[in-house]
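Peer 1: Sharing a structure below in structure tokens format, with a few things to ask.
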Amino acid sequence: MTATPPPYAELQVTSNFSFLEGAAHPEELVARAAGLGHKAIAITDRNTLAGVVRAHLAARETGIRLVVGARLDFTDSASLLCLPTNRASYGKLSQLITLGRRRAPKGECHLGLSDFLAYSDGQIAIVIPPSRNRLAKSHPAKDFPAHLRRIVAAMPGRSYLAGQNLMEGGDQRRLAALAALANESGAPLVATNDVHYHTPDRRDAQDAFTAIRHHRTVARAGYRLFANAERHLKPADEMARLFQRWPEAVTRTTEIARRCQFSLDELVYEY
């Protein structure tokens, strides 16, 4: 008898509103997540909330819960996923992104970690570890643990650590190192798939966008491209298999989604 997979919510999703990065529309991502039976999906584009309106409308039609959020890239530390839990914290995230946009050239957003911490009330932070090419012997970069501990100290009970199993080789060692860091820092490990498209057949489009972003041909883009086509939405049973040594990282996704109660339906015109 096949065991019932745990409920799952994908909390790290890049849409085509992250220019030349995501290779799927928010509507496609939401519809695919609903079709896979996900309990919720977050849209977390880089330093923007631009895609959440279309995602919200698609979530209404499909009946899946939308978690509003953004990936915040900092000038002085590792990135994180910021998920507002209520209307007030959504307003703070909007103000924070506006601050970063106003101080930067068009198309950029300049934020430091201290900026985020000043607007962090009511937010949930899922900290993203350094990319593989910045890890030594599959362990987090030297300054990353201190960065993570700083966030946990400022946001106790609202800080998490993202982990992926993207079938790139050494994933189990990397996840074991991240799980140890999660236990040491007090930032529980959360499973994500760093989604950039809804189905694997969009991998070629995503490769093309990456090459354009780096002003190269696909043939000359090299390691700037993802190693495979694994960054698509996956069913809960596959995520459970990929994280079978850390099942709590999968179940934690829906716990976080339940904490994020904000909906765009709460926004109305006020005179």
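Peer 1: Name every residue in the range 230-250 that is more than 21 Å from Ala176 (Cβ to Cβ) and open to solvent by 30 Å² or more (accessible area, probe 1.4 Å), in order of residue number.
Peer 2: Pro235, Asp237
Peer 1: Also, I was wondering about something else. Going through the range 57-92 one residue at a time, which ones are among the small types (Gly, Ala, Ser) and closer than 24 Å to Ala104 by Cα? Even if it seems obvious, please write down each step before you answer.
Peer 2: Pass one, the range 57-92, residues among the small types (Gly, Ala, Ser): 58-59, 63, 69-70, 77-79, 88-89, 91.
If the condition is that a residue be among the small types (Gly, Ala, Ser) and closer than 24 Å to Ala104 by Cα, then Gly69, Ala70, Ser77, Ala78, Ser79, Ser89, Gly91 are the ones that fit.
Peer 1: Only strands (runs of 3 or more DSSP E) wholly contained in the range 24-134 count here; list those with 2 or more residues that are farther than 18 Å from Ile151 by Cβ. Walk me through it before giving the result.
Peer 2: Details: elements: 40-43, 65-68, 70-72, 80-84, 123-127.
So the answer is 40-43, 65-68.
Peer 1: Hey, Phe17 hits all of (1) in a loop (DSSP other than H, G, I, E, B); (2) touching a residue at least 40 places away in the same chain (Cβ under 8 Å); (3) of a type outside the set (Gly, Ala, Ser) but one; which does it fall short on?
Peer 2: With (1) in a loop (DSSP other than H, G, I, E, B); (2) touching a residue at least 40 places away in the same chain (Cβ under 8 Å); (3) of a type outside the set (Gly, Ala, Ser) applied to Phe17, the lone miss is (2).
Peer 1: Of the conditions (1) under 27 Å from Gly100 (Cβ atoms); (2) modelled with pLDDT of 95 or more, Ala78 clears all except one; give me its number.
Peer 2: (2)
Peer 1: Looking at Arg150, Arg202, which is the one that is within 19 Å of the chain's Cα centre (by Cα) and modelled with pLDDT of 95 or more?
Peer 2: Arg202 is the lone residue from the list that is within 19 Å of the chain's Cα centre (by Cα) and modelled with pLDDT of 95 or more.
Peer 1: Arg158 passes all but one of (1) open to solvent by 10 Å² or more (accessible area, probe 1.4 Å); (2) more than 26 Å from Pro247 (Cβ to Cβ); (3) in contact (Cβ under 8 Å) with a residue 12 or more places away in the chain; (4) not hydrophobic (A, V, I, L, M, F, W, C); which number fails?
Peer 2: (2)
Peer 1: If you don't mind, there's one more thing I want to ask. Name the single residue, out of those in the range 35-52 being closer than 21 Å to Glu21 by Cα and in contact with a helix residue (DSSP H, G or I) (Cβ under 7 Å, 6 or more places away or on another chain), that is surrounded by the most Cβ atoms within 10 Å (Cβ to Cβ).
Peer 2: Ile43
Peer 1: Would you please list the contacts, defined by Cβ atoms under 6 Å and residues six or more apart or on different chains, that run from a residue in the range 219-247 that is within 16 Å of Ile41 (Cα to Cα) to a residue that is buried (at least 20 other Cβ atoms within 10 Å of the Cβ) and among the hydroxyl-bearing types (Ser, Thr, Tyr)?
Peer 2: The qualifying pairs are His232/Tyr197; Ala236/Tyr8; Met239/Tyr8.
The values are calculated or read from the model by the stated rules, or taken from the named source; none is laboratory data. Fair warning: this is a prediction, and the values are worked out from it, not measured in the lab. Note that we place each Cβ from the backbone using ideal geometry, even for glycine, and neighbour counts take in every protein chain shown. Quick note on the areas: whole protein, heavy atoms, side chains included, nothing else; ligands and nucleic acids left out. Shrake-Rupley method; radii C 1.70, N 1.55, O 1.52, S 1.80 Å.
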